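Novice: Here it is: the structure, laid out below.
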Amino acid sequence: MESEIKVAIKNLYKIFGKNPAGMISHVQNGISKKELLEKFDSVLALNDVNIEIPAKGIQVIMGLSGSGKSTLIRHVNRLIEPTSGELIVDGKNVLEMGKTELREFRRRTASMVFQRFALLPHHTILENVSYGLTIQNISKNDAAERSQQWIDKVGLNGYEKHFPSQLSGGMQQRVGLARALATDAEILLMDEAFSALDPLIRTEMQDVLLRLQEELHKTILFITHDLDEALRIGDNIAILRDGLVVQKGTSEEIILNPADKYVTDFIKDINRGRVLRVSAIMDRSKLTKGVEIEKNMIIDDALQIISKSGLSKAIVTEDGKPIGSVEIGRMIEAIARPNDNTDETATYH
Amino acid sequence: MRDLKKYIDFGFRDFSRAYGDAIEAFFDPLLYFLVWLEKFLINAPWPIILVIIAILAWVGSRSLFVVLGTVGSFLLIGYFGMWTDTMATLAIITVSTLLCIAIGLPIGIFMSRSDRLQSVVTPILDVMQTIPSFVYLIPVVMLLGIGKVPGLIAVCIYALPPIVRLTNLGIRLVDKEVLEAADAFGSSYRQKLFHVQIPLALPNIFAGVNQTIMMALAMVVIASMIGVKGLGVPVLRAVSNQYLALGLLNGLAIVALAIIFDRITQSFGKRLQKHLESEHGV
């Protein structure tokens with residue numbers, strides 16, 4: 001997918017401590033996070049992060065807690081100031097913006113969804129959703145009208161006059177999502193937006209997001225610690241560890257070619273059959289007989305079709321035309337875990 | 001040591017001679033308002049005042065019990081001949097509370113913004129609350145003489161700290177994530193203050209107002225020593241002449257006022273937090 005770069009994060013460093021700027025040279029000379037903490041009492045949060053986020057796509061930043069992912073996302077709208085680096089949005093360096101310009105940027109260009117919702121408890125749902133509009137001094141009626149559309153879109157119709165405390169977590173995050181969408185900002189920053197929800201609700205919210213994205217085409221930066229979530233919604237994924245980007249790529253690239261042991265450990269337990277697509281493992285040899293499988297089908301579904309057919313091979317098609325073939329053994333090989341643990345069985349998610 | 005004392009004494013005397021009039025003039029509007037309120041409360045026919053108080057009690061508490069208790073207490077106060085003194089006390093409490101809010105709220109807000117200011121103001125508040133009232137009565141009387149304004153100032157010095165403290169605390173306790181959200185959507189400082197911080201700090205600020213009223217009432221007797229009319233005067237007389245009944249009755253009237261103010265402001269404060277009552281899935 002080729003498209004223009006909406007957000008570019010360049011050589012971003014963030015160090016917490018007494019003299020962060022002075023620590024940069026140590027970090028560039030390769031001092032470890034642990035050493036920096038012990039010797040200089042400074043915490044290395046982000047280490048030379050470079051990520052280019054294409055417009056209208058979902059970029060997932062993934063990492064465990066302490067990897068710096070929440071710090072990273074807060075740099076995009078400058079809730080946190082970097083120690084050094086550049087942050088280019090639409091060709092403009094956000095870090096050079098003045099106070100007023102930054103405020104306008106936050107009001108119109110980038111909106112945010114928070115892990116623990118961060119709704120205003122003393123405002124109704126309608127007032128919460130229109131918060132971003134009211135602080136732009138848009139008239140109350142206009143703001144209410146525009147907000148109402150988003151309330152309907154996230155499925156909260158009828159709850160306008162309720163207070164956040166009266167809603168469940170999932171519903172509160174729908175409010176958070178509607179609030180972020182209501183400002184019509186092109187960039188959506190989602191900081192572990194669904195992590196506080198239980199698994200069923202989380203899946204439901206992912207569906208809501210994907211459904212809305214089909215229609216809205218926002219540039220979304222999504223932070224998560226959950227690999228399944230990352231694989232499910234991310235067009236591109238960047239894996240962060242100790243402030244360092246260890247791998248960037250599509251979900252398939254990461255699963256088929258993990259960059260190091262850290263990533264390998266990460267992807268060990270996921271259900272590969274639900275992520276990998278037939279196109280990743282097919283070969284170009286033409287086949288004349290057999291069932292047809294679309295190249296973008298996930299392997300889980302393809303396996304069902306091929307096993308029902310009773311044959312060991314299937315034709316892979318693109319736009320209805322055969323482009324190659326795939327063999328059942330190759331499929332099973334692909335979804336088996338790559339390391340040689342003996343007790344591996346199917347994983348359920 | 002003696003020289004130091006002398007220096008302070010004479011220095012302050014000269015200061016009060018030089019600026020006393022100007023400072024007095026500065027407080028004139030406040031005095032006019034206080035006198036006007038007192039006159040109104042005392043001169044208006046008592047049933048009208050009683051109705052006004054009952055309505056205020058209802059608006060504040062929305063509780064029939066509190067309204068009936070309030071009306072009952074005021075009828076008893078009138079029956080025992082303490083109406084005029086009670087009205088005078090009510091006037092000074094009202095004015096000093098308003099003054100404390102007007103001064104304390106901004107100080108509390110500024111304090112919440114700066115740790116440095118907090119570390120400067122907190123010890124001053126400690127001094128204001130713990131220093132024996134008589135000690136600051138001396139300079140106040142030297143500066144402004146005996147009367148309502150010095151009384152008002154004395155009451156405010158004593159009653160100001162809780163509103164400052166609780167405003168500061170309330171704003172500092174506002175959820176950091178909500179503030180971050182306000183920032184992320186591009187709120188200006190003013191918008192954040194009025195849309196988020198003050199509304200969310202309101203229950204605490206209100207607890208501060210409540211405490212301020214209580215402490216102002218506690219100062220009524222001491223303020224009467226420097227010429228403030230009200231329930232404190234008969235109490236003071238009772239102490240010096242050993243009139244047990246007189247002291248007890250007026251003391252109880254102060255207690256009644258305290259309880260009424262407390263209940264009304266507290267239930268009002270609770271209503272402010274109504275949105276926090278969780279009613280899942282209603």
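The values are calculated or read from the model by the stated rules, or taken from the named source; none is laboratory data. All values derive from a computational prediction rather than experimental measurement. Every residue, glycine among them, receives a Cβ derived from its backbone with ideal geometry; neighbour counts consider all protein chains shown. For the accessible areas, the whole protein counts, side chains as well, though only heavy atoms, and no ligand, DNA or RNA atoms are used. Shrake-Rupley method; radii C 1.70, N 1.55, O 1.52, S 1.80 Å.
Novice: Provide the per-residue ³J(HN,Hα) series for the range B:257-274, in order, calculated from phi with Karplus coefficients 6.51, -1.76, 1.60 and θ = phi - 60°, each as a whole number of Hz, with x at glycine and proline positions.
Specialist: 4, 4, 5, 4, 4, 4, 4, 5, 5, 5, 6, 5, x, 5, 4, 5, 9, 4
Novice: Rounded to the nearest 20 Debye, what is the dipole magnitude of the range B:124-282 about its Cα centre when Lys and Arg each give +1 and Asp and Glu each give -1 at the C-beta?
Specialist: The calculation lands at about 480 debye.
Novice: Still on this structure: From the phi angles alone, apply the Karplus equation (6.51, -1.76, 1.60; θ = phi - 60°) to the range B:6-18 and give each ³J(HN,Hα) in whole Hz, x where the residue is Gly or Pro.
Specialist: 4, 4, 5, 4, 5, x, 5, 5, 4, 4, 5, 5, 6
Novice: Could I ask something else about it? By how many degrees, 0 to 90 and rounded to 10, does the Cα axis of helix A:169-182 deviate from the longest principal axis of chain A?
Specialist: With both axes taken from Cα atoms, the answer is about 70 degrees.
Novice: Excluding ligands and nucleic acids, what accessible area in Å² is computed for residue A:298 using a 1.4 Å probe, to the nearest 10?
Specialist: Here the accessible area works out near 20 Å².
Novice: Starting from the Cα gyration tensor of the range A:100-146, take the square roots of the eigenvalues, sort them a ≥ b ≥ c, and report rounded, prolate or oblate (rounded when a/c is under 1.5, otherwise prolate if a/b is larger than b/c, else oblate).
Specialist: The shape class here is oblate.
Novice: Is chain B best put as rounded, prolate or oblate by its Cα gyration tensor, with a ≥ b ≥ c the root eigenvalues, rounded for a/c under 1.5, and otherwise prolate when a/b is larger than b/c, oblate when not?
Specialist: Oblate.
Novice: Between residue B:28 and residue A:333, what FRET efficiency comes out of the Förster formula 1/(1 + (r/R0)^6) with R0 = 60 Å and r the beta carbon distance, rounded to 0.05?
Specialist: After rounding, the FRET efficiency stands at 0.05.
Novice: What ranking of A:200, A:303 comes out by heavy-atom accessible area, probe 1.4 Å, highest first?
Specialist: Output order, biggest surface exposure first: A:200, A:303.
Novice: Please get the size of the charge dipole for the range A:110-226, origin at its Cα centre, with Cβ charges of +1 on Lys and Arg and -1 on Asp and Glu, quoted in debye to the nearest 20.
Specialist: 260
Novice: Average partner chain C-beta neighbours within 10 Å, per residue of B:187-196?
Specialist: Other-chain Cβ atoms within 10 Å of each residue's Cβ, averaged: 3.
Novice: Continuing with this model, one more query. With every protein chain left in place, what is the accessible area per residue of the range A:191-349 in square angstrom, probe 1.4 Å?
Specialist: Per residue, the range A:191-349 has an accessible area of 52 Å².
Novice: Continuing with the same structure: Is the shape of the range B:180-282 rounded, prolate or oblate, going by the alpha carbon gyration tensor and its root eigenvalues a ≥ b ≥ c, with a/c under 1.5 for rounded and a/b larger than b/c for prolate?
Specialist: Because a/c hits 1.5 or more and a/b fails to exceed b/c, the range B:180-282 counts as oblate.
Novice: What is the sum of charges, Lys and Arg at +1 and Asp and Glu at -1, for the other residues whose Cβ falls under 11 Å from the Cβ of residue A:206?
Specialist: Net charge in that neighbourhood comes out at -2.
Novice: Oh, and also: Between residue A:316 and residues 5 or more places away or on another chain, which pairs have amide H atoms under 5 Å apart, with H built 1.01 Å from N, and which residues are they?
Specialist: Close amide H contacts, sequence-distant or interchain: A:293, A:323, A:324, A:325, A:326.
Novice: If you don't mind, there's one more thing I want to ask. Would you mind calculating the gained length between residue B:173 and residue B:48 on full extension (0.36 nm times residue separation, minus the Cα-Cα distance), in nm to one decimal?
Specialist: Result: 40.8 nm gained on full extension.
Novice: Ok, one more. Given a cut-off of under 8 Å on Cα pairs at least six residues apart, what relative contact order in percent is computed for the range A:211-304?
Specialist: Normalised by residue count, the contact order of the range A:211-304 is 19 percent.
Novice: Could you check the spin-label model distance between residue A:21 and residue B:244? Points 7 Å from the Cα along Cα→Cβ, value in nm.
Specialist: For the pair residue A:21/residue B:244, the computed spacing is 7.7 nm.
Novice: Also, I was wondering about something else. Would you calculate the separation in nanometres between label points at residue B:237 and residue B:18, each defined as 7 Å from the Cα along the Cα-to-beta-carbon direction?
Specialist: Each label point lies 7 Å from its Cα, and together they span 4.2 nm.
Novice: To continue, here is another question. Round to the nearest 0.05 the FRET efficiency obtained for residue B:268 and residue A:195 when R0 = 41 Å and r is the Cβ-Cβ distance.
Specialist: Rounded to the nearest 0.05, the efficiency is 0.60.
Novice: Please report the buried accessible area for the interface of B with A, total over both chains, probe 1.4 Å, in Å² to the nearest 100.
Specialist: 2300
Novice: Tell me the relative contact order for chain A as a rounded percent, counting alpha carbon contacts under 8 Å between residues six or more apart.
Specialist: Averaging sequence separation for qualifying contacts and normalising by length gives 17 percent for chain A.
Novice: Leaving out ligands and nucleic acids, and using a 1.4 Å probe, what accessible area per residue does the range B:56-200 come to in Å²?
Specialist: 45
Novice: When the Cα centres of the range B:78-123 and the range A:222-249 are compared, how far apart do they sit, in Å?
Specialist: If we compute the Cα centre of each part, the gap is 55 Å.
Novice: Rounded to the nearest 500, what is the 222 nm mean residue ellipticity of chain A from helices alone, with -39500 (n - 2.57) per DSSP H run of 4+ residues and division by all residues?
Specialist: After summing the helix terms and dividing by residue count, I get -10500 deg cm²/dmol.
Novice: Accessible area of the protein assembly as shown with a 1.4 Å probe: how many percent of it is carbon plus sulfur?
Specialist: With neighbouring chains kept in place, the figure for the protein assembly as shown is 58 percent.
Novice: Taking the Cβ-Cβ separation of residue B:119 and residue B:56 as r and a Förster radius of 35 Å, what is the calculated FRET efficiency to the nearest 0.05?
Specialist: It comes out at approximately 0.35.
Novice: Here is a follow-up. Suppose only helical runs count, i.e. DSSP H with n ≥ 4. What mean residue ellipticity at 222 nm does that imply for chain B under -39500 (n - 2.57) per run, divided by all residues and rounded to the nearest 500 deg cm²/dmol?
Specialist: Helices in chain B give a 222 nm mean residue ellipticity of -27500 deg cm²/dmol.
Novice: Kindly provide the trypsin sites (Lys or Arg not before Pro) of the range A:144-184 that DSSP labels as loop, not H, G, I, E or B, and whose Cβ sees at most 14 other Cβ atoms within 10 Å.
Specialist: The qualifying sites are A:161.
Novice: Shifting gears a bit: State to the nearest 20 debye the size of the charge dipole of the protein assembly as shown about its Cα centre, where the only charges are +1 on K and R beta carbons and -1 on D and E beta carbons.
Specialist: In debye, rounded to 20, the protein assembly as shown gives about 1720.
Novice: Could you work out the relative contact order of the range B:99-169, using alpha carbon pairs under 8 angstrom and six or more residues apart, expressed as a whole percent?
Specialist: With pairs under 8 Å counted, the relative contact order is 57 percent.
Novice: Let me ask something additional. Test of understanding: in a Gaussian network model of chain B with alpha carbons linked when under 10 Å, which of B:57, B:182, B:216 would top the mean-square fluctuation ranking?
Specialist: Largest GNM mean-square fluctuation: B:182.
Novice: Let me ask something else about it. Suppose accessible area is computed on protein heavy atoms with a 1.4 Å probe; arrange B:271, A:78 from highest to lowest.
Specialist: Ranking B:271, A:78 by accessible area, largest first, yields B:271, A:78.
Novice: Another question about this same structure. Using the Karplus curve 6.51 cos²θ - 1.76 cosθ + 1.60 with θ = phi - 60°, work out ³J(HN,Hα) for each residue of the range A:204-221 in order, rounded to whole Hz, and write x for Gly and Pro.
Specialist: Once θ is set to phi - 60°, the couplings for the range A:204-221 become 4, 5, 4, 4, 4, 5, 5, 5, 5, 5, 4, 8, 9, 6, 7, 8, 10, 10 Hz.
Novice: How shielded is A:164-175 by partner chains, expressed as the average number of their Cβ atoms within 10 Å of its Cβ atoms?
Specialist: For peptide A:164-175, the averaged partner shielding equals 2.
Novice: Using a 10 angstrom cutoff on alpha carbons, build the Gaussian network for chain A and name the most mobile of A:288, A:134, A:224.
Specialist: With Cα springs under 10 Å in chain A, the top fluctuation among A:288, A:134, A:224 is at A:288.
Novice: 7 Å from Cα along Cα→Cβ at both residue B:98 and residue A:308: what's the point-to-point distance in nm?
Specialist: Here the modelled spin labels are 8.1 nm apart.
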